[in-house]
Amino acid sequence: MAQQGRYRILMAKAGLDGHDRGVKVVSRALRDAGMEVIYTGLHQTPEQVVRAAIDEDVDAVGLSLLSGAHMTIFPRILDLLRQEGGGDILLFGGGTIPEDDVLTLKQMGVAELFTPGASTVDIVDWVRAHVGRPTEASAGR
Amino acid sequence: MLKDRTLEDDYRQWKDSHPLHERDWKFTTLSGQPVAPLYTPLDLEPNEYTKEIGFPGEFPFTRGIYPSMYRGRLWTMRQFAGFGTAADTNRRFHYLLDNGMTGLSVAFDNPTLMGFDSDDPRSLGEVGRTGVAIDSLADMETLFHGIPLDRVSTSMTINAPAAVLLAMYVAVGEKQGVPSEKLTGTLQNDILKEYIAQKEWIYPPKAAVELVVDTIEYTMRHMPKYNPVSISGYHIREAGSTATQELAFTIADGMTYAEAAMARGLDVDAFAPRLSYFWNSHIDFFEEIGKFRAARRIWARLMKEKFGARDPRSWLMRFHTQTAGVSLTAQQPENNIVRTALEALAAVLGGTQSLHTNSMDEVLALPTEKAVEIALRTQQIIAYETEVVNTVDPLGGSYFVEAMTDRMEAGANDYFRRIEEIGGVLAGIDQGFFQREIAEAAFQYQAELERKEKIMVGVNDFVSDAPADIPILKIDPEVEREQIRRVRELKATRDNERVRATLEALTGAADRGENVMSYVLEAVRAYATVQEISDAMKAVLGTYREPAFV
């Protein structure tokens, strides 16, 4: 488990999307803010992402998608997290995602989505505010 | 005797008598390079005109590759397009051609780019999303239905499976009765920048470069009017590089292909005239123009002096340009029309041979027909209304533009030395050198935005609360199901014995280290799929996995 008060975040790229500028910038910003960041690398399947999230015992998964496959891959990862016992791991994400898809995905259970123009300051603040309570999360397992 | 006053004296006197009154602002280029308040002849090399600038159509081609430039022929207006099925994209092609577009440019979906068929589980959710889905020659026939390949040139943005798509294009030509000698167009086929920036690969880098040389050799012999490689800085820049990095890394890639082709015994003057380039045109107007002009000069010098090319056509850097996708904003998206227009103007003033202008909605999704039309009209306004085309290199001789051009060249030369020190481009990819340089530049730019040292209108300043209200192109999920049906039906009805035999022959050729192009063409003619052909080569060449550099 993450040491108390220190968030452990898995940053992920899933599907065939090769755009990794955003995921790298955000990974570095989270790390600079004192969080533990694990990056999956490119072209992971949803199964690989969920396996890594559970094996690495993370508090949250940040998924980056600029491939237009968000309506397939986000719900798949949510389902797999629940099935594999990672239902308490928060899923957030970012990429080129039209507004009505953002609303639908949030209704399905994606905690937050950051779209082009989002600042890393806002992302770090959001993670601090919402991913919090890592010790409580571990108590529930 | 009184000494003559020099320009230096005058400049110093001007500076002393006019103390600067400047805003509290960091005056730097988009790439973070300092910009002086004023440029004068003092910023130029001695004999700048004869040594560095020269005349258009003459070495070192700083002012343009042709003597008459746009007075002779305008650039090709080539809008990149592709989505859904081959039939969907074929309709968009006809629409664009009917509206005055002068060349085609195909965007393929991610499964095609990575060498997967639409029915592979890894393609789930991606079929036809960011480009057109092509599984076999059957799709390619649909894509070019009603488009005469002897009259329209086609650019194809395909890299890892480029040999397969090139073979499909040749095969469509055969069906239309157009011999390969008459085919014109460009294959992107720049695999090195995939490992550096765009990240859609199949094979390991060294084997992939040899495959590129196979296509260079094949087109040299069978497709003399076709450009086998479009050495691309565009994606390097989109991934976050500076202008200098884009320039240097891309030309370093170009040198690597030239070295590999020469190592196979090909004569530089037999292939170099068909190499072309592809640049990004970002929002810093003068930095970009300096980059385009420097690029021509650097390549001419390298080709002549380093590679010993003697045919002047080998010295020419012909290039395509696309406006910067990353400069566009999801906020107040209509403003993107203005950004794109300025970027397009820089490309034209930089002497591009063809141009794609982005649509205002591309930061949100693939463009709608209306948005694409405005983007194309932007080019037509520059070409036919602004009169900037009337003289060659109108900014040549501007002290600032020439100083910027010189600085770009010097910056690129510094990087060439560093790349050589670390062992060349392939070694740099293995070590993560390029990947780290780009990630660092991207992070620095993001930090500048957040400190408000750089402004993006509507994003970190001049923000409006009004929601963006423009229509978005949606890809129907039915596209994926239909494409999967198509490829499965094909696999059930074609001559599978012939497919198997051609694929086996291909694996054998790859194993013997032969040029694979003619074997790929046989497999394509038998309607083998992109994935089947890629897998047949993977068996010998292996697959690439990137170490996860953060």
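The values are calculated or read from the model by the stated rules, or taken from the named source; none is laboratory data. Quick caveat, the model's predicted, so the values are computed rather than measured. Here the Cβ is made from the backbone with ideal geometry for all residues, glycine too, and neighbour counts use every protein chain on show.
The table for this structure:
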| item | result |
| --- | --- |
| Whichever residue in the stretch B:349-369 is at pLDDT 95 or above and under 16 Å from residue B:82 (Cα atoms) and, among such residues, is farthest from the chain's Cα centre (by Cα) | B:359 |
| Test result for residue A:6, over 24 Å from residue B:133 (Cβ atoms), within 9 Å of chain B (Cβ to nearest Cβ) and touching a strand residue (DSSP E or B) at 6+ places or on another chain (Cβ under 7 Å) | no |
| Of residues in the stretch A:57-72 being touching a Ser or Thr at 6+ places or on another chain (Cβ under 8 Å) and at the interface with chain B (Cβ under 8 Å from one of its Cβ atoms), the one surrounded by the fewest Cβ atoms within 10 Å (Cβ to Cβ) | A:71 |
| Test result for residue B:195, part of a helix (DSSP H, G or I), farther than 25 Å from residue B:526 by Cα, touching a Pro at 6+ places or on another chain (Cβ under 8 Å) and not β-branched (Val, Ile, Thr) | yes |
| Failed criterion for residue B:78 (all others in (1) away from chain A (no Cβ under 14 Å); (2) among the basic types (Lys, Arg); (3) out of contact with any Gly (no Cβ under 6 Å at 6 or more places or on another chain) hold) | (3) |
| The stretch B:22-74, residues that are touching a Leu at 6+ places or on another chain (Cβ under 8 Å) and assigned to a loop (DSSP other than H, G, I, E, B) | B:37, B:40, B:61, B:65 |
| Test: residue in the stretch B:80-87 that is part of a strand (DSSP E or B), closer than 30 Å to residue B:163 by Cα, in contact (Cβ under 8 Å) with a residue 24 or more places away in the chain and among the hydrophobic types (A, V, I, L, M, F, W, C) | yes |
| Pairs where the first residue, in the stretch B:94-123, is assigned to a helix (DSSP H, G or I) and the second is of a type in the set (Lys, Arg), C-beta under 9 Å, 6+ apart | B:110/B:129; B:111/B:122; B:114/B:122 |
| The listed residue being in contact (Cβ under 8 Å) with a residue 12 or more places away in the chain and farther than 30 Å from residue A:71 by Cα, out of B:406, B:361 | B:406 |
| Answer residue from the stretch A:31-43, given it is at the interface with chain B (Cβ under 10 Å from one of its Cβ atoms) and not β-branched (Val, Ile, Thr) and is surrounded by the fewest Cβ atoms within 10 Å (Cβ to Cβ) among those | A:32 |
| Odd one out for residue B:393 among (1) in a helix (DSSP H, G or I); (2) on the phi > 0 side of the Ramachandran plot; (3) of a type in the set (Asp, Glu) | (1) |
| Filter result (touching a residue at least 60 places away in the same chain (Cβ under 8 Å), assigned to a loop (DSSP other than H, G, I, E, B) and facing another protein chain (nearest Cβ under 10 Å)) within the stretch B:431-481 | B:456, B:458, B:459, B:463, B:468, B:472, B:473, B:474, B:475 |
| Candidate set from the stretch A:9-30 (those that are buried (at least 23 other Cβ atoms within 10 Å of the Cβ) and of a type in the set (Lys, Arg)); member that is nearest to the other protein chains (Cβ to nearest Cβ) | A:24 |
| Pairs with Cβ under 6 Å, 6+ apart, first in the stretch B:213-226 and on the phi < 0 side of the Ramachandran plot, second of a type in the set (Phe, Trp, Tyr) and assigned to a helix (DSSP H, G or I) | B:216/B:271; B:220/B:271 |
| Scope the stretch B:130-180; condition buried (at least 22 other Cβ atoms within 10 Å of the Cβ), part of a loop (DSSP other than H, G, I, E, B) and among the charged types (D, E, K, R); matching residues | B:135 |
